[in-house]
Each structure stands twice: as C-alpha cells, then as structure tokens.
1. Note down the relative contact order for the chain as a percent, whole number, built from C-alpha pairs under 8 angstrom at least six residues apart.
2. By a straight-distance test (C-alpha under 21 Å), which lysines pair with Lys222 as possible cross-link partners, with residues fewer than eight away in the same chain excluded?
3. Report the charge-dipole magnitude of the chain in Debye, nearest 20, computed about the Cα centre from +1 at each Lys and Arg Cβ and -1 at each Asp and Glu Cβ.
4. With unit charges on the beta carbons (Lys and Arg positive, Asp and Glu negative) and the dipole taken about the Cα centre of the chain, which residue among Gly385, Phe286, Gln40 sits farthest to the positive side?
5. With only Lys, Arg, Asp and Glu charged, each at its Cβ (+1 for the first two, -1 for the last two), find how big the charge dipole of region 148-203 is about the Cα centre; round to the nearest 20 debye.
6. Where Rh is the Kirkwood radius over the Cα pairs of the chain, the temperature 4 °C and the viscosity 1.567 mPa s, what D in µm²/s does Stokes-Einstein return?
7. Where Lys and Arg each count +1 and Asp and Glu each count -1, what net charge lies around Glu206 among other residues with Cβ under 15 Å from its Cβ?
8. In Å², and per residue, what accessible area does region 280-383 have when probed at 1.4 Å with the other protein chains present?
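The values are calculated or read from the model by the stated rules, or taken from the named source; none is laboratory data. Given the structure is predicted, the values throughout are model-derived calculations rather than measurements. Neighbour counts run over all protein chains shown; Cβ positions are idealised from the backbone, glycine included. In case anyone asks, the SASA skips ligands and DNA or RNA and just uses the protein heavy atoms, side chains included. Shrake-Rupley method; radii C 1.70, N 1.55, O 1.52, S 1.80 Å.
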Amino acid sequence: MNRVFFRNAMVWDGTGAPSFPADVLVEGNRIKTVARHVGQLSADGATVIDCRGLTLMPGLVEGHAHISFGGAVNDSDLGNIPPEEHVLLTMRNAKTLLDHGFTSAYSAASSKLRLDVVIRNEIEAGRLPGPRIKACSPEITVTAGLGDERKQHMYYESFGMIADGPDEIARAVRLCCREGVDNIKVNISGDDLGPKAHGGVTVMREIEVRTAVEVARDFGKKINCHARAAASVKRAVKCGIDVIYHCESADEEALDMLESVKDKIFVGPAIGIIYGTLYEGEPWGFTREMAIHIGMQRVIDDSCKVYTELRKRGVRALIGGDYGFAQSPQGTNARDLKHFVDLLGYTPSEALQCGTRIGGQVMGMGHELGLVKDGFIADLLLVNGDPLKDLAMMVPEESFLVIMKDGALYKNIAQAKAQERAA
Ligand SMILES: [Zn+2]
C-alpha cells in the first residue's frame, strides 16, 4: 500500500485550533496517523517528505466553482464557445484549480449541461488531473432572468437553461439529473452585472423554486441558488434550497430565516468578481465610475454587513468568488481567503476554515474531508510559509511545495526547494 510520511510538519488541521508540530503518516488514500510527538512514528517503507516545520494543511475546497467558465466579459461570451473548445477549456481549468491547491470543487453551475459531468468523470477515472468535483447543472433561469441573453429578434446562448413555469422547470431539472449532475442551480433573483433583471428583482416564482427543489430531492441531488434580493433569499429558505449564494441584500427577516436553518444550509458571498469588477475591471471596460454605477461598491458594503451578521449567527459560508470571468480569472480563486478577511471581517483562521472544513461539508463529505485528522481522506498541502500570517501566499502556485489529493502526490518539490535553499 502507498505510504507517505510527512516529517516535522507544522499542522494547521482545519478545526480552527492553533497549528501544532506533528509527523503525519498517509496510507493509501487516508491519513493514518497525526502524531503530535515528532520523531516517535515509524516511517518504515514510506516515501518521506521533510517538511522542515512548514505548514501542512487540508487541501482547499472551491465552494462556488465554475470550472467551465473562462475569460468571459459578457455572459453571452460563454454561449459563443463551441462545445469542443469548451470541453478543452474546462479540462484546462480543472488542472489550473488543482495546481493552485484546490483538491475539491463544489460547482455552482456549469456553462453547458455536460461539461462539469464529463470532466468530473474523467478525473475520477484518473485520466485527467483536477480536483474531485461535484458537478452542477447550468443555471436554470426564467425568461428575462440572469442567463437569458436572447433578444426578441435574435437567439443567443449563455450559461442559462431557460425554463418557465413548474412543468418546464421540472423537465429541466430531470434532464440535468438524467445527464449525471450532482447538484442543480436555479437563479431566483436577477443580477446587477446582467442586462435585464437586476439583483434587487426576484424573478423566479415560488412554485417554480419549490418544484425545482422537489424534483432535485426526488433524484437525491442538492440544489443551489443565485439570490441577491432579500425576497429571493427568503424564497430560497422557504423552499428548502441547500446552498444560497450572494445574499447581500438580506434584511432582518431573511437573516433570521437563514439562521433558523444554519445546520442545513450554506451561504457564499462570491465576492471575488465584485472586487475584480470594482478595482481591476478597466482592461475589460469596467471603469470605476461604471462599476460603482452598477452597484459594485454597494454589494461589497452590504456583503460586509450581512456576512458579519451571518458569521455571528453561525451560518456556514463558502469561499469561491465567481472565478472564471475576465476580471476574476481561474487560478486566482484563493484570493477569496484574503477578501473574506479584508472585506467581510473574518479572521484568517475563519477564512481558511471556510475553504477547508466547511468546504468538506458542502461536498457532502464532512465526516472524511477537509481536516488533517486520523482516518480522513489525504488531501494535503505543504505550503512555503504560514498562511495564517499571510493569506495572499495561498494564491500563487509556487507557494505549494506538496499537493496531495486522495493520497496521491500530485506535486512534490519539497526536496528540490530545500536543496535550492541549501545551495
Ligand atoms: Zn456564480
């Protein structure tokens, strides 16, 4: 059996406890032992990695992944990509995520129905590098909702799958289940970056949301939603949605409702794209003036208030900031960790827990994923520094000396780096 011995690590285990020195033994795809007395554990027959006191932590979980999104400025850009190129783009993005320490990805929507599914399957079969993926449907949306890019005189594709009324919604959800998704996405509110219904507008009727949840449940799938307006957040909770993204306009009643189901649901601010549009969007035509005009500063301010409150109330939040657009490129996904601290008031440890332990829970694997703990799946990162002191170091791939997924060493340059330093 494959054995890997991490000697003399500083373990940040994902529970929120301070880091501690330990030796860690991996056997097969599981963490066999986390030994707090360094030097006591036998490394017999194992590949030894000398960690030299560097931080060993759980692999990151992208909680709002759009693996099939890449470089889009407008939502219709994704619709313009032919299926063949789109498969290849998705394949490259999956590798990019793993290269940057994301060993798992919970998808918040696929751009075409089978993109997440086929890449998930190839990765699971060991034929492609990438994180373990929970594959999502496209964004099921109503006419005029986020993802409907059509014009009266002209058809446009997007990342949306348009369905109106309970019957069409039921059919769309069933179709996605038939084609192999793990979870469903519905767009309950509009969006300020979209041309039609804005973020404050709740476009999907209660009967439509309820139907989508019922059918997803029939197939044993989870269901996610896009919900900015307060009314859309309340509708999501009322109908039993599992993962409620955005929520920045939640009012007191919506906050109370979210808190009432805090052990069942997850939320995710998806702040990366908002930050990117506001501060880094110039090359793609988002001037600062225009970004403020379409409400990007307001979204950040409101998110700060709402997520401060949600954090106090113990509602579990996921990192993942809609990476995959021009102003939020794939590979920079871990910037969300620092955004959680700088923009939303989380501590570095809390932000990292959102990206590890809580991520393991949304994957439906909280009992075996997201912690450095005896018996857990061996998704481990050896990082060249202390992320608790500098979260920005979690972004560049050079920071990761070792990336282990499912007990397999995907990357190991620990020895080479040590030799380089010695020289
Ligand atoms: Zn998204």
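1. Across the chain, relative contact order equals 19 percent.
2. Lys112, Lys134, Lys185, Lys234, Lys238, Lys262, Lys264
3. It comes to approximately 880 debye.
4. Gln40
5. Dipole about the Cα centre, nearest 20: 100 debye.
6. For these conditions, the coefficient is 60 µm²/s.
7. Residues close to Glu206 contribute a combined charge of +2.
8. Counting only protein heavy atoms, the per-residue value for region 280-383 is 35 Å².
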